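All remarks here apply to the structure that follows.
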Amino acid sequence: MSLGSGFSAHLCRVCADVCKACGDECAKHDMEHCQACAEACRKCAEACEEMATAA
């Protein structure tokens, strides 16, 4: 990110997509650790989207 690579925004969007997919899958399961994982994935996706916008 700090080097201003033309790939930064794309990589951040890919990361966000993967985190969203992971969060969606984990959210399907009622177990506590799956719900915690889903929340962590959602937060990661949000952070990656913010970074993609800033890149």
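Every read-out reported here was derived from the displayed coordinates using simple, explicitly stated rules and does not represent laboratory data. Keep in mind the model is a prediction, meaning the values are calculated, not measured. Heads up, the Cβs are rebuilt from the backbone with ideal geometry, glycines too, and the neighbour counts pull from every protein chain shown.
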Based on what the data block shows, is ASP17 among the charged types (D, E, K, R) and either exposed (fewer than 12 other Cβ atoms within 10 Å of the Cβ) or touching a residue at least 40 places away in the same chain (Cβ under 8 Å) (or both)?
no
Of those in region 20-55 that are in a helix (DSSP H, G or I) and among the basic types (Lys, Arg), the residue surrounded by the fewest Cβ atoms within 10 Å (Cβ to Cβ) is LYS43
Could you list, in sequence order, the residues of region 1-32 that are within 10 Å of ALA52 (Cα to Cα) and charged (D, E, K, R)?
ARG13
Within region 33-55, of all residues that are among the acidic types (Asp, Glu) and more than 16 Å from MET1 (Cβ to Cβ), the one nearest to the chain's Cα centre (by Cα) is GLU46
